[in-house]
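Novice: Structure in structure tokens, see below.
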Amino acid sequence: MRRRLIPPREDAVCHVSAGRDKLGLDIHYINAFKGRGIFTTVPFQKGDFLLEYRGKLITKEECERRHRVYHDSLKVFMFEFKFDGKLWCVDASQEDGSLGRLGLMWLSLTSAKMKILNINGKPHLCLFASRDISPGEEIDYNYGDSDWLWRCKGI
């Protein structure tokens, strides 16, 4: 087992502040139904920072407006959450080269857990390893309640 060089939260702040993804992760095409996913190329320990779910931070009102106009294929990239007593949303519908928007969402047996970090007064959605992860494993996490088609089909 490798030793951590810096604590996971500090690692997250470093990557979030730099706006870059962590090394050791890669994009793979899964199938036509799921699309792409994030896979590890190195081992990660339980608790390690993995990546940030990056996109445009918007208000609840703007999120509701976009839900009315977006096609269903874009709505899946809208991550709604509560921060500082208010409802917010990260809209990651625009392809920006970041990996976080490609993490698959499942209800159980996940490899990662989403945590909201307050960095310079703004919320950032960060994924941390919920268990030890071996190279070649897909990064997935519990997105909460959802009726997206791939979750209903159990694919």
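The values are calculated or read from the model by the stated rules, or taken from the named source; none is laboratory data. Worth saying up front: this structure is predicted, and the values here are computed from it rather than measured. Don't worry about glycine lacking a Cβ; one is built from the backbone with ideal geometry, like all the others, and counts go over all protein chains shown. Ligands, DNA and RNA are excluded from the accessible area calculation, which covers all protein heavy atoms including side chains. Shrake-Rupley method; radii C 1.70, N 1.55, O 1.52, S 1.80 Å.
Novice: With a 1.4 Å probe and all protein chains in place, put 62, 52 in order of accessible area, largest first.
Specialist: 62, 52
Novice: Evaluate the distance, in nm, between pseudo-label points positioned 7 Å from the Cα of residue 18 and of residue 31 along their respective Cα→Cβ axes.
Specialist: Modelled inter-label distance: 3.7 nm.
Novice: Right, next: How much accessible surface area, in Å² rounded to 10, belongs to the heavy atoms of residue 78 with a 1.4 Å probe?
Specialist: Answer for residue 78: close to 10 Å² accessible.
Novice: Please give the solvent-accessible surface of residue 29 in Å², to the nearest 10, using a probe radius of 1.4 Å with every protein chain present.
Specialist: 150
Novice: I would also like to ask the following. Would you rank 127, 25, 87 by solvent-accessible area, highest first, keeping every protein chain in place and using a 1.4 Å probe?
Specialist: Sorted by accessible area, descending: 87, 25, 127.
Novice: Would you check the accessible area of residue 86, probe 1.4 Å, heavy atoms only, in square angstrom rounded to 10?
Specialist: 110
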